[in-house]
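The structure appears below as structure tokens.
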């Protein structure tokens, strides 16, 4: 059965201080929990039909939509959940933001939000390809040496609490960083049920699923409007949008204390902004996160290392695989949360992987992830995302989501050449554990031996303190 993520009080847990982190010692209180059902008034969702999630902050340019907006402007509406953020109206399409973006679209998501009017705010969307078992796959080839993949694999079809992965990058006519991200709605902590009336359809879902989508909208808005995004700005924008959702759904009025394991609108978040310096061949990666979704860096020379550290009380990644410890800090509306930050400089080529715990949380050892990723990448036949999804779902008992940026390789042949020696080493390293059954008496000792080998590489960034 899928692991249900649980909570612990963060009273004794303090984040590692980072170079740019703001306000890392926020006090925590034990939360109230929720147990409610909300049915939205049938008279209000019509406004939501008219407005797309990505441009609800802008002035509507269509006269009929303007008239509808004027008639309903004093009403609470579901659209207000999405409307947080930018207060500057746009009066015509010619005055749209000068930055133009390319981004992953959600496709046919489990919450059937209205179609995006992304063209009105300068976003070219990449729609996902749907595979078996409702899996979704994205790919963007911005340049010959920069490819980004996304994948989303539901454990239960139509109930995927992981949000579609985030990818935002400027078009070729504009300069700027590329950002990828992953959000994992916390099904244990956010198990409260919601019923949302959208158009004429009533949708029953969990707070966790809803939280990951609403938070995704907040992040997308921040990435396409904020020129100097920080962890504190990001936190405030997310919190504002979640507060609007909570207020409209009247979650505070529908709650009762049921213990400290349940939270309102909880989701993890990991987000990496990649700034490339073409003159020096160096790349700065700024990563923000809350919870236990992770960022990993893989290079041909040094292998896989974890950039982030889970916000749990157990530091050792192998012990985390065994015990699944409670999470002390995550995006939510029940308690204060913080968004951690780390800045890393790397020389190309590299692979940057952002992943929910369905990707790495069920493997034999932490470092086994690198073997699965490189085999999927080097033996891909242009189907890396599908192959990597097969690897992850072979072990996972949870939703799987990932965003993968492959940068600095001229083509597939170059990637294979640079990683071939590393892959041979890993295949030899893990040959024994691959053939062992879970009840093999020697399996635990072999895993301990492998972790002793993996550990220096795996923790070479996160295990020595943030930089």
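Here, each number is a calculation from the coordinates, and none is a lab measurement. This structure is a prediction, so every number in the text was calculated from the model and none was measured. All Cβ positions, even for glycine, are placed from backbone atoms using ideal geometry, and neighbour counts span all protein chains on display.
Some values worked out for this structure:
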item: Segment 269-317: C-alpha gyration tensor shape, a/c 1.5 cut-off, then a/b vs b/c; result: oblate
item: Ranking of 133, 324 by count of other Cβ atoms within 10 Å, fewest first; result: 133, 324
item: At R0 = 22 Å, FRET efficiency that the Cβ-Cβ distance of residue 158 and residue 390 yields, to 0.05; result: 0.55
item: FRET efficiency for residue 428 and residue 323, using Cβ-Cβ distance with R0 set to 25 Å, rounded to 0.05; result: 0.25
item: Segment 139-168 and segment 204-255: distance between their alpha carbon centers, rounded to Å; result: 20
item: Computed lengthening from residue 278 to residue 442, 0.36 nm per intervening residue step minus Cα-Cα distance; result: 54.1 nm
item: Gained length - residue 129 relative to residue 313, 0.36 nm times residue gap less alpha-carbon distance; result: 62.4 nm
item: Estimated inter-spin distance, residue 452 and residue 232, nm [label 7 Å along Cα→Cβ]; result: 4.6
